[in-house]
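Notes for the one structure printed next.
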Amino acid sequence: MHKNDIISQLQRDILPLQGFKQPTGTPVRIGLGAVEDAFPNGCFPTGAIHEFIGTQPEHAAVSVGFMAGLLANLMKTGGVCVWVSTSRALFPPGLKTFGANPEHVIFIDLQKEKDLLWAMEEALKCEGLAAVVGEIQDMGFAASRRLQLAVEQSRVTGFLLRFGHRKPTANACVARWRITSLPSVQEDGLPGVGFPRWNVELLKIRNGKPGSWQVQWSAGCFQVIKEEKETIWLNASSQYGSAI
């Protein structure tokens, strides 16, 4: 057997041990198109903890917008999300801009981060939830490992929003993202500002391929921008994307 074939087989054998289930039939897409090719098995890792990092307050705002589009897909069958924070600045009706229903989100506001971690871990154990979001600055490896073990049992997807001036430390999260804003582009003949755009960096993905993409939100779906005048439209309301 060729060396590359041996490595590929080992990777396929290791994935189930790390919580990545091999998809049966056609993989279900979450609406990120070419970005999903970077994930193991070509699928957005559900039942895993995703970490979003940044150093500036505006990074938190743009990350929440991008994440709201992901939540819309995870909640599209009527699932409920739990959002835990100590200083929530989110304007819930703004979630509708990205297809997520704020009435399907349970907000829990706490005073201490240790209580936040406890509440998030307990929520992640609830199999009936679509996702759990936690806003936190400091988190050790042991705490992140407890969160990851919880989702491996429940298959609930967790999102950690971590924004501060400290350098990110090693943890057990499956993926680490950094989302920054890009200038919008006005549509021909239309007044006002253009659609939201992000520079999406997948800094770490276990058994995947990190990368960077430019993504736009328009017509209720993500668009991966290939060139200045060429985009791939991704229908967030369906399982598949189509190229235009």
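None of the figures in this text is laboratory data; all of them are computed from the coordinates on show. In this text, all values refer to a predicted model and were calculated from it rather than measured experimentally. Don't worry about glycine lacking a Cβ; one is built from the backbone with ideal geometry, like all the others, and counts go over all protein chains shown.
Observations, loosely collected:
- For the stretch 198-212, backbone phi angles converted through the Karplus equation (6.51, -1.76, 1.60; θ = phi - 60°) give residue-by-residue couplings of 10, 9, 9, 10, 9, 6, 8, 8, 4, 6, x, 10, x, x, 9 Hz, Gly and Pro being listed as x.
- In this label model, Q186 and H104 are separated by 3.6 nm, measuring between points 7 Å along each Cα→Cβ vector.
- Highest average first, the peptides 199-209, 149-159 ordered by how many other beta carbon atoms sit within 10 Å of their residues are 149-159, 199-209.
- Label-point separation, N199 to K112 (7 Å along Cα→Cβ), nm: 4.0 nm
- Above-threshold pairs, the threshold being 29 Å between Cα atoms, out of K76/K112; K112/K167; K76/K167; K167/K209; K167/K226; K76/K209: K76/K112; K76/K167; K167/K226
- Net charge in the neighbourhood of G220 (other residues with Cβ under 13 Å of its Cβ; Lys, Arg +1, Asp, Glu -1) is +2.
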